[in-house]
Amino acid sequence: MSCVYRKTDSVVVCFFGDAAANIGAFHESLNMAAVMKLPVVWVCENNQYGLSTCICRTLAGGSIGLRAAAYGHDRLHRGRHNVVEVLDAARSAIDRAREGRGPSLIEAVHLPLVRPRGFGQPLLSDEGRRSTQWAAKCPIKHYTAMLLEQGILSEDAAQGP
Ligand SMILES: Cc1ncc(C[n+]2csc(CCOP(=O)(O)OP(=O)(O)O)c2C)c(N)n1
Ligand SMILES: [Mg+2]
């Protein structure tokens, strides 16, 4: 029984990978949550790969967020590397859930992560290129730069212990 019925502030936050959006339970759960206006926030950590398979080969329609929209969800598709935008999205989704306005899906899109050795598979041929792309858009690096720029973090503190 959800907090909608119990009249509490509780919200369910459910994390899953991009590959889970292709199984039946994903569709059944999103449908039921929307029909019942359940206080649920789905967070899809979309790293573009299920094990070693690129979603470009498995995801029809090209977007997990669009699937959520089709089930009447608020769809919050946030920046690739912006921690603050993701925090804002989470706040807005939780508020919406608490107000009884139903579920949301946050699709956190990460650039393809390097798999050192893809679950028994050989190294991917474009590993070097993807590694460089990921390093350039690392969310921690960007957040650190933002905190330094705003004078919230000192250079010393940024270096860590
Ligand atoms: C019901 C079920 N089907 C298939 C698998 C096999 N399996 C393990 S991990 C995985 C892919 C997971 O991809 P994703 O959710 O995107 O997570 P990531 O690999 O990016 O960490 C699959 C298909 C499983 N564990 N359970
Ligand atoms: Mg994945």
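Got at least one residue in segment 112-119 being under 30 Å from GLN150 (Cα atoms), within 16 Å of ligand 1 (Cβ to nearest atom) and either assigned to a loop (DSSP other than H, G, I, E, B) or at pLDDT below 95 (or both)? The answer is yes; a qualifying residue exists.
Annotation note: of ALA60, ALA69, the sole residue that is more than 13 Å from the chain's Cα centre (by Cα) and part of a loop (DSSP other than H, G, I, E, B) is ALA60.
Per the listing LEU66, LEU30, the residue uniquely surrounded by fewer than 17 Cβ atoms within 10 Å (Cβ to Cβ), more than 16 Å from ligand 2 (Cβ to nearest atom), hydrophobic (A, V, I, L, M, F, W, C) and over 14 Å from ALA93 (Cα atoms) is LEU66. Of the residues making up segment 32-71, just one is on the phi > 0 side of the Ramachandran plot, in contact with a Gly (Cβ under 7 Å, 6 or more places away or on another chain) and not charged (D, E, K, R), namely LEU51.
Listed here are the residues, each with its yes/no results for (1) assigned to a helix (DSSP H, G or I); (2) at pLDDT 90 or above.
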| position | (1), (2) |
| --- | --- |
| THR8 | no, no |
| CYS14 | no, yes |
| PHE26 | yes, yes |
| LEU30 | yes, yes |
| ALA34 | yes, yes |
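Within segment 36-57, restricting attention to residues that are assigned to a strand (DSSP E or B) and of a type in the set (Val, Ile, Thr), which residue is farthest from HIS77 (Cα to Cα)? Per the stated criteria, the residue is THR53.
Counting just the residues of segment 33-53 that are of a type outside the set (Ser, Thr, Tyr) and near ligand 2 (Cβ under 10 Å from one of its atoms), which one comes out surrounded by the fewest Cβ atoms within 10 Å (Cβ to Cβ)? So, considering only residues that are of a type outside the set (Ser, Thr, Tyr) and near ligand 2 (Cβ under 10 Å from one of its atoms), the one surrounded by the fewest Cβ atoms within 10 Å (Cβ to Cβ) is LEU51.
In segment 88-97, the condition of being among the basic types (Lys, Arg) and modelled with pLDDT under 75 is met by no residue. ARG80 meets each of the listed conditions (1) modelled with pLDDT under 85; (2) surrounded by 17 or more Cβ atoms within 10 Å (Cβ to Cβ); (3) assigned to a loop (DSSP other than H, G, I, E, B); (4) of a type outside the set (A, V, I, L, M) apart from (2).
The values are calculated or read from the model by the stated rules, or taken from the named source; none is laboratory data. Since this is a predicted model, take the numbers as computed values, not measurements. In this analysis, Cβ positions are derived from the backbone assuming ideal geometry, glycine residues included, and neighbour counts consider all displayed protein chains.
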